[in-house]
Each structure stands twice: as C-alpha cells, then as structure tokens.
Amino acid sequence: MRRRLFSSVLVTNRCILSRQHYYTSRHDKPTKKANSHEPTHKFTRKPWEEVSFLTDLKEIEEPEEALALFNQYQEMGFRHDYPSYSSLIYKLAKSRNFDAVDQILRLIRYRNVRCRESLFIALIQHYGKAGSVDKAVDVFHKMTSFDCVRTIQSLNTLINVLVDNSELEKAKSFFDGAKDLRLRPNSVSFNILIKGFLDKCDWEAACKVFDEMLEMEVQPSVVTYNSLIGFLCRNNDLGKAKSLLEDMFQKRIRPNAVTFGLLMKGLCCKGDYSEAKKLMFDMEYRGCKPGLVNYGVLMSDLGVRGKIDEAKLLLSEMKKRRIKPDVVIYNILVNHLCTEGRATEAYRILTEMQMKGCKPNAATYRMMVDGFCRIGDFDSALDVLNAMLASRHFPTPATFVCMVAGLIKGGNLDHACFVLEVMGKKKLSFGSGGWQNLLCDLCIKDEGICCEALSDVISI
C-alpha cells in the first residue's frame, strides 16, 4: 500500500512540476518585438511530456505496481507508445504474470500499436522458461495479428523452446513447415534440431538433419560440427570425431578452440593425456590459437589424477603465452588443492587471482570454506565465509553444518552463534537432515560432550 501511494505521489508531483515548467516557459519569457527578424516557431508542450513513464517503471519491482503505474499515467492523459507497452510486458513476463501480459496485448491490438518482432521473441522465451509451451506456440501464431512480420529468428526461437521442453517432434514439425510460412531455415535452425536429437542420443536422426542441411545448400557452421564432434567424443568414438575435423578443413570451415577442446577431452577420458597435450600444440599449426578451454581440459585431467603440481605448471605456461586465466581456470586448481587437503595452498591461489583482477565466484568461496573445514581450520573458514558474505554469495547448508559443528567442538561458541545468525538473516535452514547430521556429529562421536554446548548455542 505504501509503495502504491509512493508511485501515485511520484507521478502527481512530476505532473505538477511539469505544469509549472510549462506555464513558466510560456508566460515568464520576454515577448519578442513584432519587427524582429528572428524566426518565430509556435511551440507547445503538453504538461505530461516532461514525465518519463519508463524512468518510473524502472524503479518498480512488483508487477501489480507496474500495472497501477501504467493506469495512473493513462488516466492523466499520457499516451502510451510502443516503448511503454514493450517495457511493461518485459517486466510482467519476467515475473511470470502472464495474465497481465495477455491484458496488455489485448490493449495493444485494440489501439493498433505496431510491435517489433523482438517483443514476441522475448515472450516466447519467457513462456518456454515457464514450461508453457502451448502459450509460446500461440504467441508465434498471433504475431501477424499485431502487424508484426515473422522472420526465421522468431521461428528459431520457438523451435529452441520446444527442444528445451522435450517437444522434439513438435519442433521438427515447425521446422518442416517453414516453407509454408515463407521462411527458409538457416544454419541456426538446423543446429537447434541437431543438438536436440543428440541430447536424446539419437545419432541417426541428427545425421539425417545434417544431410538435409547439405541438400538444402545451407553451410554448416563450427557450432554444427562441435555438436557432432562433442557427441562422438563423449561416446568414445574418436575415429569418427577426427574424420569430422578433417571434413571441416575440406569444407573450409575453421575449427575453433572448443572444437579441439572437445577432442582433447575425449583423449583424456581414454587416458591419453600426452596425445591431448600434443593436439593442443598441433592446433596452432592448423591456424587455431589455444585458449582457456584447452588449458582447462588438461588442468582438469591432471587434477583428477592428483598431479596438481603439473597443473600449476600449466598455469605458469599460460602466463608466458599471455593467456589470462579466468575464474574457471583458477577454480580447477582451488578445487583439486582443497580436495587433496591443501587448503592453505589453495588460499594462495585465491589471493593471486584477486591480485590479478579476477573476481572469485560463489563456487570459489564454497570450495575454500569446505577446504578449510576439511582440514579442521575453522577460523580460516570463518574468514573466507565473511569475505563470501561481503561478496553476496552464500555457502550450502552442508557447509554451515560442518562449520557450526567444528566451531562448537573447538569451544568457539560466539562464532558458532554468528554462523547461525547469518543463516537466520538469510532465511537459510539446515533442514531436518542437517540438524540430524549436526547432532550425530557432536553427540555420538564425542559421546555427548558437546551436547551442552549445542544447547547453549541454540538457546542464545
């Protein structure tokens, strides 16, 4: 109620100010002489033209309040245009208030407001994320009734939504019906279908779509080949994957770092690290510079096999080649160091990445907190937790359980209370399973010694 009142007052105040500006600009300026040679243009401005509906709309989060603001402007005589309608629809669709979206769409049609295709593309995507496939299809069909021309981009969006929602047959029917809509499928259309069939492990259907792509003389892209090569590498068919790589060169389609990264990962999965590393250096002779993804594959494989020091050497090699590591690269090292019980060393990696201007993400902090908890250094874990909270990231409930148990065992009840308070403020909960684990960890293993301490913590 207070927020609605605020919106109403905000709009009213702006109107008052704009009216004052209007009358001041019209009556308080000195009049020009009749014989002045300066051109005189009659300029009139409506009072509400100084008011920005879009600016006010950005300040509102609740969809009901956005609708109320829309109606308030309308009642004042403000004439909403396409930017007003589209911005409101984006906000309503993002909050999944689709009933209100339908209401605004009816108003748009009644007022004959011409809409851009991008609005309907966004709506189809939002319906897809909400699992409302039928509504997404309905929006696609109704686009032309809003004086909007459909292009292959909106069809591709719909096909992608259908594939993501496991409606592969329906996606294929829309793809096949492109000709009836006077649309010609492009490489993106084929790539979406190929990916959909590969996700269903239907290699033959994916190959059929690929052959159809060639028959229609649509040039496959690097994304097309990456989808096929990735599937073959995951299924240990490196021979076919390499033949597709050669097919790319014959068709003059340049592979990228991801293409070689997929092949390298396939080799690593077969235990052939040396061949994967050789491929990374051979790719340069093929005109493709190694990137983060390639080093990431090698570092991950070394980490899994416990060869973390070799992985660190790869990090040094990257720096020599002037390839700047990103948070994913650093996280690979942090993860495996913490898993090996080398949390102190992992913390130095965390410090280094910050000094190099690379921000840790939620995964970095979580791995670090878990790593310190694993070696029983709960004070250091608490320091990382504080840094994590300052960065607006949060640990998992399992990490909280581990920290509270460790702090109580160490007699650090104040810090244990702090952790519980943080959970309370963030509305996080252990859940019944978490509390059970905590009780078992404290009472069973320590024969009830810590039960009194736990009672003290809970009662504070």
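The values are calculated or read from the model by the stated rules, or taken from the named source; none is laboratory data. Keep in mind that this is a model prediction, so the values were computed, not measured. Quick reminder, even Gly has a Cβ in these numbers, built from the backbone with ideal geometry, and neighbours come from all protein chains shown.
When restricted to residues that are surrounded by 15 or more Cβ atoms within 10 Å (Cβ to Cβ) and assigned to a loop (DSSP other than H, G, I, E, B), segment 238-257 contains 3.
Restricted to segment 380-412, and to residues that are charged (D, E, K, R) and at pLDDT below 90, which residue is nearest to the chain's Cα centre (by Cα)? Spell out the reasoning first.
First pass over segment 380-412, keeping only residues charged (D, E, K, R): 383, 392, 409.
In the following step, the residues that additionally are at pLDDT below 90 were identified as 392, 409.
Details: ARG392: 17, LYS409: 39 Å.
Result: ARG392.
Among the conditions (1) on the phi < 0 side of the Ramachandran plot; (2) over 30 Å from the mean Cα position of the chain (by Cα), the only one that TYR225 does not satisfy is (2). Across segment 321-361, the number of residues qualifying as more than 17 Å from LYS277 (Cα to Cα) and assigned to a helix (DSSP H, G or I) comes to 25. With respect to (1) modelled with pLDDT of 95 or more; (2) surrounded by fewer than 23 Cβ atoms within 10 Å (Cβ to Cβ), the lone exception for LYS320 is condition (1). Among all residues of segment 179-196, there is at least one that is among the aromatic types (Phe, Trp, Tyr), under 18 Å from GLN219 (Cα atoms) and in contact (Cβ under 8 Å) with a residue 24 or more places away in the chain. Evaluation of LEU123 against the conditions (1) surrounded by fewer than 21 Cβ atoms within 10 Å (Cβ to Cβ); (2) over 17 Å from PHE174 (Cα atoms); (3) in contact with a helix residue (DSSP H, G or I) (Cβ under 6 Å, 6 or more places away or on another chain) shows that the sole unmet condition is (1). Comparison of VAL163, VAL188 shows that the only residue that is touching a Gly at 6+ places or on another chain (Cβ under 6 Å), over 21 Å from TYR85 (Cα atoms) and either among the small types (Gly, Ala, Ser) or in a helix (DSSP H, G or I) (or both) is VAL163.
Going by what's in this entry, would VAL161 be described as modelled with pLDDT of 95 or more and more than 22 Å from the chain's Cα centre (by Cα)? Considered against the rule, which asks whether it is modelled with pLDDT of 95 or more and more than 22 Å from the chain's Cα centre (by Cα), VAL161 comes out as no.
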